[in-house]
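Enquirer: Below: one structure in structure tokens.
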Amino acid sequence: MMEYSDKYIHNLLHPWVSKWFKSKFEKFTDAQRQAIPYINAGENMLILSPTGSGKTLTAFLAILSGLAGLAQKNKLEDKVYCIYISPLKALDNDIYKNLEEPIQDLDNIAGKKLNIRHAVRTGDTTSYQKNKMLKKPPHILITTPETLSIILVAPKFRKKLRDVRYVIIDEIHSLAENKRGTHLSLTLERLEKYTGNFTRIGLSATVSPPKKIAEFLVGFKWNKPRPCKIINVNYQKKLDMKVLSPVDNIIETDQETVTKETYKLLNNLIQNHETTLIFTNTRSGAESVSYKLKQIYPNNYNNTNVMAHHSSLSKEIRLDTETQLKEGNLKVVVSSTSLELGIDIGYIDLVILISSPKSVSRALQRIGRSGHKLHEKSKGRLIIVNRDDLVECSLILKNAKEGKIDEINIPQKCLDVLAQHIYGLAIEEKQNIDHVYIILKQSQPYHNLSKEEYYDVLNYLSGKYIELEQRYVYAKIWVDYDIRQFGKRGKLARVLYSTNIGTIPEHSYAKVKCAGDIIGNIEGDFLERLKKGDTFVLGGKTYTFKYARGMTATVTPSTSTPTIPSWISEQLPLAYDIAISIQQFRAVIEWKLDIGNSEEEIIEYIKKYLYLDDKAAHSIYYYFIEQYLYSTIPSKKKLLIEHYTGFGGRKFLIFHSLYGRRVNDALSRAIAYIIAKEYHQDITISIDDNGFYLSSDSKISGEQAFNELNSENIEEILKKAIDQTELLAGRFRNCANRSLMILRRYKGKQKSVGKQQVTSKILLSFVKELDDEFTILNEARREVIEDYMDIKNAKKVLKSIEEKETIIKTTNTIIPTPFAFNLVSRGYLDVLKYEDRSEFIKRMHKAIINKIKDKKRKVNQ
């Protein structure tokens with residue numbers, strides 16, 4: 001991409017805007033030099049650059065320049081010229097404040113009031129403010145994806161959008177990977193249909209592949225992607241990133257010492273920096289770290305300089321934390337994932353990640369929150385919690401330093417979101433069936449939408465399934481296939497649409513009842529995972545799940561081994577690309593051991609290859625050599641299946657499938673379904689990123705299942721495997737909400753999540769009997785296997801086995817292999833505290849060392 005000179009760009013900008021810029025900044029950034037001329041010329045643009053590199057100002061400079069020019073000529077009309085969209089209301093408020101200063105300064109430079117207006121419109125905007133906007137519309141409208149969709153059916157205010165010239169989408173990467181982005185993509189096509197052409201500007205953190213995000217931003221026209229310039233500024237903002245271990249040998253150090261040394265390391269890092277932001281991956285982790293810092297170091301930390309920030313906290317507490325941080329009053333903030341996006345939190349000089357962030361893009365996004373001055377280094381430290389974590393963090397570090405970003409996954413053909421938009425289009429005006437189909441296919445997520453899928457959604461919305469009225473699901477539109485038109489039904493259509501749209505599921509906690517008494521709460525997400533007979537831990541005791549009614553789970557006391565860890569719903573899944581990187585690294589180390597490389601040679605290689613210090617490289621070497629001498633190292637070329645007999649004679653089948661939790665979820669359920677059908681046995685499943693195990697009271701064979709499972713039939717097998725699960729029931733509820741089968745709000749009344757759950761369970765059974773291929777049921781299945789799981793990469797794994805690129809090797813063990821320690825201990829001993837699980841791993845490790853000590857001597861000779 002051509003980079004223009006500062007002089008050239010100043011000549012392009014309106015003199016007032018140019019003067020304002022010179023008063024604030026010495027020079028343009030790389031992103032600004034490359035982008036402004038194209039934005040000025042009205043070309044679509046995707047700008048990829050780290051947080052704090054000035055990309056938001058890049059987008060607004062050309063727009064403010066145009067508005068200043070119109071104001072100078074008294075041609076500024078009462079209409080919206082630019083729409084700014086972000087995923088967060090907090091980010092919207094930041095942008096509003098950040099635009100106030102240049103707009104006021106332009107008035108001073110011009111020597112008169114230019115009357116350039118900007119305003120925020122979200123779900124929090126009052127009726128008074130909306131009426132004010134109708135009379136004097138903002139020239140720059142700052143909003144969210146959901147609110148823009150509502151505006152399109154607001155008969156009066158939508159007219160103010162008729163001549164929109166620019167649409168800016170901030171943090172587009174965070175929208176593209178979920179249904180909010182899918183929803184926005186269709187909203188933009190509806191806006192394009194109404195206004196004609198406008199310039200689309202996407203602002204994103206570093207993401208891969210850029211072309212895919214660009215297509216998502218601009219969509220298609222005449223079956224080809226609309227033109228889009230991509231500016232990828234992989235900045236001089238250098239990365240100061242290191243992996244740290246709190247102790248020399250994490251596997252042989254007792255848990256009490258590991259915890260003590262972890263907090264000692266944290267304290268040293270925090271005290272040597274001005275303001276530190278810590279990410280923990282989980283809400284409970286954020287609470288725990290902030291509490292323990294105050295507890296262990298009361299002289300350094302208290303309630304005034306340490307705060308936690310996560311999504312379960314109230315809006316007021318989160319806002320207070322953000323304000324305190326921005327004003328420089330806090331020494332440290334501990335967050336789960338809630339501070340990843342680019343809301344203004346002031347100056348941070350260190351970011352600490354406790355445990356693996358699970359993907360390169362997330363690591364860069366988090367670490368990019370530090371060094372918020374251009375050309376300043378982003379400083380991040382990854383503190384590991386176990387040996388698997390060390391390997392993960394090391395490969396994330398390598399890929400981040402070398403600019404290898406994991407590929408983004410954009411959900412495709414979400415039929416529940418489609419139903420919402422077809423209803424919205426019907427409310428706007430009568431529509432031509434064929435014309436709308438063309439418009440829908442212009443959106444990247446719907447580019448491959450078939451006519452059959454489109455008609456299925458039209459048929460559902462128009463009441464083809466008359467029986468659904470028995471369950472209070474009524475037709476929303478009318479369709480006349482003879483004249484090729486559809487339109488809205490009922491006088492309440494606009495109100496129903498405006499009060500029920502959106503894609504974010506409503507979450508809640510489920511009560512847990514035992515013998516009629518409420519014994520505690522579990523997350524709704526966790527309830528989704530439960531099926532009859534599953535055992536889990538609550539308050540240190542084990543219970544067996546019987547059934548759920550609405551948001552109440554009924555359980556009985558149990559002495560069995562827990563089958564599902566109670567914290568699983570909070571965990572982030574490992575990115576598939578990183579999983580493959582680890583597998584390839586494993587294969588290289590095994591090859592070096594096979595050809596007789598010495599310990600020193602291999603450690604030196606690990607240090608150079610992974611940018612690690614001596615301590616970390618030694619830890620990885622000893623981890624791998626233990627696995628190698630005791631069994632074999634699984635990798636992309638070799639899938640290891642381990643037969644292990646646990647306490648009480650329970651049989652474990654451990655699959656060393658390091659593909660990330662989403663792929664393992666798909667593989668494990670499909671294999672368990674085949675085995676359960678074949679042997680008529682109850683199979684327990686436990687999964688993590690590094691593999692999964694199946695367990696049963698009698699012996700089971702995993703190799704046999706791979707003979708029956710292949711890349712062609714896994715989809716059908718998975719659909720059967722998930723059919724009676726809470727996972728499908730939960731996802732169906734969300735899809736029923738989005739497709740307006742279940743209305744969350746009706747005539748001013750709100751339906752509780754519990755009531756929605758009950759309604760959806762009844763509706764799910766009804767729909768299955770009515771038509772097992774019903775469009776919204778199919779969407780719930782698609783969401784489970786494509787978005788929640790990862791069927792695409794699971795098929796790749798199976799294809800690799802079919803084509804003999806990956807061989808299957810089996811082994812029988814008395815003690816689990818070192819690579820299986822974390823998996824076996826998590827599922828098998830969830831009833832114990834984390835410290836006890838850690839001691840259990842250490843005991844297994846000692847037993848392995850005793851087994852391999854003679855072999856180890858030979859290798860070292």
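The values are calculated or read from the model by the stated rules, or taken from the named source; none is laboratory data. This structure is a prediction, so every number in the text was calculated from the model and none was measured. Please note: Cβ atoms are built from the backbone with ideal geometry, for glycine as well, and neighbour counts cover all protein chains shown. Ligands, DNA and RNA are stripped out before the accessible areas are found, and what is left, the full protein with its side chains, is counted by its heavy atoms. Shrake-Rupley method; radii C 1.70, N 1.55, O 1.52, S 1.80 Å.
Enquirer: Considering only residues that are closer than 29 Å to Gly346 by Cβ, in a loop (DSSP other than H, G, I, E, B) and among the polar types (S, T, N, Q), which ones fall in the range 100-125?
Expert: Matches in the range 100-125: Thr122, Thr125.
Enquirer: Continuing with the same structure: Out of everything in the range 478-514 that is in a loop (DSSP other than H, G, I, E, B), of a type in the set (D, E, K, R) and more than 29 Å from the chain's Cα centre (by Cα), what residue ends up being surrounded by the fewest Cβ atoms within 10 Å (Cβ to Cβ)?
Expert: Asp482
Enquirer: While we're here: Being open to solvent by 30 Å² or more (accessible area, probe 1.4 Å), touching a residue at least 24 places away in the same chain (Cβ under 8 Å) and closer than 16 Å to Lys75 by Cα is the filter here; which residues of the range 98-125 pass it?
Expert: Asn115
Enquirer: Take the conditions at pLDDT 95 or above, more than 21 Å from Asp577 (Cβ to Cβ) and open to solvent by less than 10 Å² (accessible area, probe 1.4 Å) and apply them to Cys393. Does it pass?
Expert: For Cys393, the condition - at pLDDT 95 or above, more than 21 Å from Asp577 (Cβ to Cβ) and open to solvent by less than 10 Å² (accessible area, probe 1.4 Å) - is not met.
Enquirer: Quickly run through the range 662-693 and pick out the residues that are among the hydrophobic types (A, V, I, L, M, F, W, C) and at pLDDT below 90.
Expert: Those that are among the hydrophobic types (A, V, I, L, M, F, W, C) and at pLDDT below 90: Ile675, Ala676, Ile683, Ile685.
Enquirer: Mind checking whether some residue in the range 564-576 is assigned to a helix (DSSP H, G or I), of a type outside the set (A, V, I, L, M) and at pLDDT 95 or above?
Expert: Checking the range 564-576: at least one residue is assigned to a helix (DSSP H, G or I), of a type outside the set (A, V, I, L, M) and at pLDDT 95 or above.
Enquirer: When the residues of the range 313-357 are narrowed to those that are polar (S, T, N, Q) and surrounded by fewer than 16 Cβ atoms within 10 Å (Cβ to Cβ), which ends up modelled with the highest pLDDT?
Expert: Asn329
Enquirer: For the range 634-669, enumerate the residues that are in contact with a strand residue (DSSP E or B) (Cβ under 8 Å, 6 or more places away or on another chain) and either small (Gly, Ala, Ser) or over 26 Å from Ile683 (Cα atoms) (or both).
Expert: Passing the criteria: Lys637, Gly646, Ser657, Ser668.
Enquirer: Determine, yes or no, whether Tyr128 is out of contact with any helix residue (DSSP H, G or I) (no Cβ under 9 Å at 6 or more places or on another chain) and either modelled with pLDDT under 95 or farther than 18 Å from Glu171 by Cα (or both).
Expert: Judged against the criteria, Tyr128 is a match.
Enquirer: Same structure, new question: From the list Ala780, Ala820, Ala794, pick out the single residue that is among the small types (Gly, Ala, Ser), over 20 Å from Leu694 (Cα atoms), at pLDDT 90 or above and open to solvent by less than 50 Å² (accessible area, probe 1.4 Å).
Expert: Just one listed residue meets the conditions, Ala780.
Enquirer: Okay, moving on. Looking at Met45, Met2, which one is crowded, with 21+ Cβ neighbours inside 10 Å and either of a type outside the set (Val, Ile, Thr) or without any contact (Cβ under 8 Å) to a residue 40 or more places away in the chain (or both)?
Expert: Met45
Enquirer: Any residue that is outside any strand (DSSP E or B), hydrophobic (A, V, I, L, M, F, W, C), surrounded by 23 or more Cβ atoms within 10 Å (Cβ to Cβ) and over 30 Å from the mean Cα position of the chain (by Cα) - is there at least one of those in the range 608-628?
Expert: Among the residues of the range 608-628, at least one is outside any strand (DSSP E or B), hydrophobic (A, V, I, L, M, F, W, C), surrounded by 23 or more Cβ atoms within 10 Å (Cβ to Cβ) and over 30 Å from the mean Cα position of the chain (by Cα), which makes the answer yes.
Enquirer: Just to be sure I understand, how many residues within the range 126-163 are open to solvent by 70 Å² or more (accessible area, probe 1.4 Å) and part of a loop (DSSP other than H, G, I, E, B)?
Expert: 5
Enquirer: Could you tell me whether any residue of the range 730-743 is in contact with a Lys or Arg (Cβ under 6 Å, 6 or more places away or on another chain), in a loop (DSSP other than H, G, I, E, B) and not charged (D, E, K, R)?
Expert: no
Enquirer: How about the range 273-304: which of its residues are in a loop (DSSP other than H, G, I, E, B), at pLDDT 90 or above and not β-branched (Val, Ile, Thr)?
Expert: His273, Glu274, Tyr297, Pro298, Asn299, Asn300, Tyr301
Enquirer: In the range 674-685, is there at least one residue being surrounded by 17 or more Cβ atoms within 10 Å (Cβ to Cβ) and under 25 Å from Lys804 (Cα atoms)?
Expert: Yes, some residue in the range 674-685 is surrounded by 17 or more Cβ atoms within 10 Å (Cβ to Cβ) and under 25 Å from Lys804 (Cα atoms).
Enquirer: Within the bounds of the range 53-67, is there any residue that is among the aliphatic types (A, V, I, L, M), touching a residue at least 60 places away in the same chain (Cβ under 8 Å) and closer than 25 Å to Glu322 by Cα?
Expert: Yes: the range 53-67 contains one or more residues that are among the aliphatic types (A, V, I, L, M), touching a residue at least 60 places away in the same chain (Cβ under 8 Å) and closer than 25 Å to Glu322 by Cα.
Enquirer: Considering only the range 465-477, I want to know if a residue exists there that is crowded, with 17+ Cβ neighbours inside 10 Å, part of a loop (DSSP other than H, G, I, E, B), of a type in the set (A, V, I, L, M, F, W, C) and free of Cβ contacts under 8 Å to residues at least 40 places away in the same chain.
Expert: yes
Enquirer: Filter the range 1-34 for residues that are among the charged types (D, E, K, R) and touching a Pro at 6+ places or on another chain (Cβ under 9 Å) and give the result.
Expert: If the condition is that a residue be among the charged types (D, E, K, R) and touching a Pro at 6+ places or on another chain (Cβ under 9 Å), then Lys24 is the only one that fits.
Enquirer: Next question, about the same structure. Just one of Thr775, Thr817, Thr810, Thr806 is in contact (Cβ under 8 Å) with a residue 60 or more places away in the chain and farther than 30 Å from Glu626 by Cα; which is it?
Expert: Every option except Thr775 fails the conditions.
Enquirer: From (1) at pLDDT 90 or above; (2) not in a strand (DSSP E or B), pick out the condition that doesn't hold for Lys97.
Expert: Only one criterion is unmet by Lys97, namely (1).
Enquirer: If you don't mind, another one. How many residues does the range 439-451 contain that are open to solvent by less than 40 Å² (accessible area, probe 1.4 Å) and part of a helix (DSSP H, G or I)?
Expert: 5
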